[in-house]
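**Q** Dropping the structure in here first, questions after.
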Amino acid sequence: MTEFNPSSNPIKLSRRMYLSALGLLGLSSWMTSGLTIAKQPEAMEAIAKIAGSNTIRDGRVNLVIPPLVESGNLVVLKLSIESPMTANDYVKSVHVISEANPSPNMFTAYFTPRSGRAELTTRVRLADSQRVWAIAQMSDGSFFRGYADTLVTLSACTEMI
């Protein structure tokens, strides 16, 4: 019978095996949760950069996201902004901001009077349950906002470190 010698048979852990072991212990999400997801203050900072010193008013922006989402991989987002869309009064842009995705700026859409309507439907990825904001800039320089809250049961778009 031979005796076990740890120096002759060292266990070599790859990064993947190490992270898997941490996951089994529940430590990986604890260690990385604050590193990969934007927080509400970051989202508010992104909104402040968009509007600058201008006041953002409630209303005119209708953002629709399902209140309960099974998977954050493909979430339908519908957006409409009340505007006559004339040469003197139209929506210039709308910025969609996330409170829990890796980056708070999800996307920006641009409109002109020739757009006809300030409406769009798209699919987005959501990392977690959160509030999503839509900030509309009008042709006269004013800003309007709307938001939608959603509960995501299976997260998407998380970064691995």
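The values are calculated or read from the model by the stated rules, or taken from the named source; none is laboratory data. A quick note: this is a predicted structure, and the numbers were derived from the prediction, not measured. Cβ coordinates were reconstructed from backbone atoms using ideal geometry, including for glycine residues, and neighbour counts include every protein chain displayed. The protein model used for the area step is the full one, side chains on, heavy atoms only, and it has no ligands, DNA or RNA in it. Shrake-Rupley method; radii C 1.70, N 1.55, O 1.52, S 1.80 Å.
**Q** Contact list please: Cβ distance under 6 Å, first residue in the stretch 38-55 and more than 15 Å from residue 99 (Cα to Cα) and of a type outside the set (Asp, Glu), second residue open to solvent by 90 Å² or more (accessible area, probe 1.4 Å) and modelled with pLDDT of 90 or more, pairs at least six apart or on different chains.
**A** Close Cβ pairs (under 6 Å, with a partner that is open to solvent by 90 Å² or more (accessible area, probe 1.4 Å) and modelled with pLDDT of 90 or more) do not exist here.
**Q** To continue, here is another question. Do you know which residues across the stretch 131-154 are surrounded by fewer than 17 Cβ atoms within 10 Å (Cβ to Cβ) and either touching a helix residue (DSSP H, G or I) at 6+ places or on another chain (Cβ under 9 Å) or assigned to a loop (DSSP other than H, G, I, E, B) (or both)?
**A** 131, 140, 141, 142, listed by residue number.
**Q** Find the strands (runs of 3 or more DSSP E) located wholly in the stretch 67-130 whose residues include 2 or more that are open to solvent by less than 80 Å² (accessible area, probe 1.4 Å) and of a type outside the set (A, V, I, L, M, F, W, C), and list them.
**A** Numbers: elements: 68-71, 75-81, 91-98, 105-110, 118-124.
Output list reads 91-98.
The rows are residues; the columns are (1) modelled with pLDDT under 90; (2) surrounded by fewer than 10 Cβ atoms within 10 Å (Cβ to Cβ); (3) among the acidic types (Asp, Glu).
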{"residue": "15", "(1), (2), (3)": "yes, yes, no"}
{"residue": "18", "(1), (2), (3)": "yes, no, no"}
{"residue": "26", "(1), (2), (3)": "yes, yes, no"}
{"residue": "30", "(1), (2), (3)": "yes, no, no"}
{"residue": "38", "(1), (2), (3)": "yes, no, no"}
{"residue": "43", "(1), (2), (3)": "no, no, no"}
{"residue": "46", "(1), (2), (3)": "no, no, no"}
